[in-house]
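This report refers to the structure that appears directly beneath it.
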Amino acid sequence: MAAVCPSESVGLLPRAQLLCELHGTLGRRSKGGEHRRTLGLAPDGSCVAWATGRTTVRIVPWKQLCGAQGLVSSLASSSLFPERLIDCGEPVLSLALGSRGTPSGRKAWTRQNTGICCGKEDGWVAAKSLGGQGCWATREKWDIGLSREAGESQKNGDVWTSGSLSGVGEPGNRWRRFRFGGDNLLLATGLASGRLQIWDVGTGQFLLYLMDHSAAILHLTFSPDDLLTLVSASQDRTLRVWDMGDDGNMVKVLKGHPGWVRCSAFSPDSSLLCSVGNGKSAFLWTVKSWHLKAKLDAHHHDVVSCDFSPDGAILATASFDSTVCLWEPHSVTLLNKLRHLLPPPSPIFAGGANDHWVKAVAFSPDGMHLATLADDR
């Protein structure tokens, strides 16, 4: 994959220099026989995480990697956690780092209500609203002030009156197991088994599994807004949308790709999602409704990578046909084609083993540069 660190030194890109090398054990091979490696950058540039198809993910503060060259942004220099090595127990094929990006700001839920006590075991207290407005549970030592109403009972449990449930759950009468704020940097790892793991980077603690894919997960991406929406792309030909603000509940399954889904990217305002994979089309989705907005058809081979410019005005799609297409995503207009092979190959040659497969594309944070990764030399 290709990625550009959100650093203040983007102006140095024309004078490219090697900052560091990330080493690891070679992992499993994917299509074409190449070893599958994956790398992710924190949204604030504070750290980099990478895996090579084995079971471990290494997380290193960006300052530790590139501090000697002085190419560290003010955000990256504020990293508060040490280098970590996380063992996921299964081959890791994809990963992503995400955070809410703003202070916690999660309103405490305080309400008075009458509900059924569902049980108390090992410190857990659970209750269900008699008004049908939801349920909640906690194992923390909250002062919930439960008091039995004399003479009232139900077949499935006793009736209780709840007191203040301050801090438990959120507006909308929904309790949350996790309340991620601006201080939480999450690591999502996609495994060869089709499962996702969520980790707290600050503590190295495993948080939860997300399970619904039936094949390996090839790509993960968090939305750039503060909603912590996670999208996973899989060999099972689908994308799945997970709401990490709601304990990782699955929101939507996006279908339509004819083969493996290899990559996805949000627009900067999180209004659009582009997905690409084994097929000659890029798919553009409207995030608000999760409906397909358009298919982008201009490539002659599998489209395997995509990225939006920082202002959202341009969408870049990279293909094994040796080209990168630049689109205006809102009007779905093809603006330009960048080529790794000149003169342009015939569609038949471009659609085969042309030895110039473009495998990844990424915009720089200022939108003035575009990085590509290809098989050519």
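The values are calculated or read from the model by the stated rules, or taken from the named source; none is laboratory data. Here the structure is a predicted model, which means the values were calculated and not measured. Cβ sites come from the backbone with ideal geometry, for glycine too, and all protein chains shown count toward neighbours.
Could you list, in sequence order, all residues of the stretch 236-249 that are under 13 Å from the mean Cα position of the chain (by Cα) and either modelled with pLDDT of 95 or more or farther than 20 Å from Ala42 by Cα (or both)?
Answer for the stretch 236-249, where residues must be under 13 Å from the mean Cα position of the chain (by Cα) and either modelled with pLDDT of 95 or more or farther than 20 Å from Ala42 by Cα (or both): Leu239, Arg240, Val241, Trp242.
Enumerate the strands (runs of 3 or more DSSP E) found wholly within the stretch 190-236, keeping only those where 1 or more residues are in contact with a helix residue (DSSP H, G or I) (Cβ under 6 Å, 6 or more places away or on another chain).
229-234
Quick one: is Lys293 under 30 Å from His213 (Cα atoms) and surrounded by fewer than 14 Cβ atoms within 10 Å (Cβ to Cβ)?
no
Does the stretch 345-355 contain any residue that is touching a strand residue (DSSP E or B) at 6+ places or on another chain (Cβ under 7 Å), buried (at least 17 other Cβ atoms within 10 Å of the Cβ) and assigned to a loop (DSSP other than H, G, I, E, B)?
The answer is no; no qualifying residue exists.
Mind telling me which of the residues Ser305, Ser309 ends up being at negative phi, of a type in the set (S, T, N, Q), in the same structural domain as Val231 (by TED's automatic domain parsing) and touching a residue at least 60 places away in the same chain (Cβ under 8 Å)?
Ser305
May I ask you to say which residue of Trp327, Trp357 is at pLDDT 90 or above and in the same structural domain as Pro268 (by TED's automatic domain parsing)?
On inspection, the qualifying residue turns out to be Trp327.
Outside any strand (DSSP E or B), touching a strand residue (DSSP E or B) at 6+ places or on another chain (Cβ under 8 Å) and either among the small types (Gly, Ala, Ser) or at pLDDT 90 or above (or both): does that describe Gly181?
It is false that Gly181 is outside any strand (DSSP E or B), touching a strand residue (DSSP E or B) at 6+ places or on another chain (Cβ under 8 Å) and either among the small types (Gly, Ala, Ser) or at pLDDT 90 or above (or both).
Could you check how many residues of the stretch 286-312 are touching a Lys or Arg at 6+ places or on another chain (Cβ under 6 Å) and either farther than 30 Å from Pro345 by Cα or outside any strand (DSSP E or B) (or both)?
Final tally of qualifying residues: 3.
Being more than 24 Å from the chain's Cα centre (by Cα) and within 25 Å of Phe266 (Cβ to Cβ) is the filter here, so list the residues in the stretch 321-358 that pass it.
Asp321, Thr323, Ser331, Val332, Thr333, Leu334, Leu335, Asn336, Lys337, Leu338, Trp357
Of the conditions (1) at pLDDT 90 or above; (2) touching a His at 6+ places or on another chain (Cβ under 9 Å); (3) in a loop (DSSP other than H, G, I, E, B); (4) of a type outside the set (A, V, I, L, M, F, W, C), Thr372 clears all except one; give me its number.
(3)
Ala216 versus (1) within 17 Å of Gly259 (Cβ to Cβ); (2) surrounded by fewer than 18 Cβ atoms within 10 Å (Cβ to Cβ): which is the lone unmet condition?
Against the list (1) within 17 Å of Gly259 (Cβ to Cβ); (2) surrounded by fewer than 18 Cβ atoms within 10 Å (Cβ to Cβ), Ala216 comes up short only on (2).
So if I check each of Ala188, Ala215, Ala233, Ala192, which one is touching a Pro at 6+ places or on another chain (Cβ under 7 Å) and modelled with pLDDT of 90 or more?
Every option except Ala192 fails the conditions.
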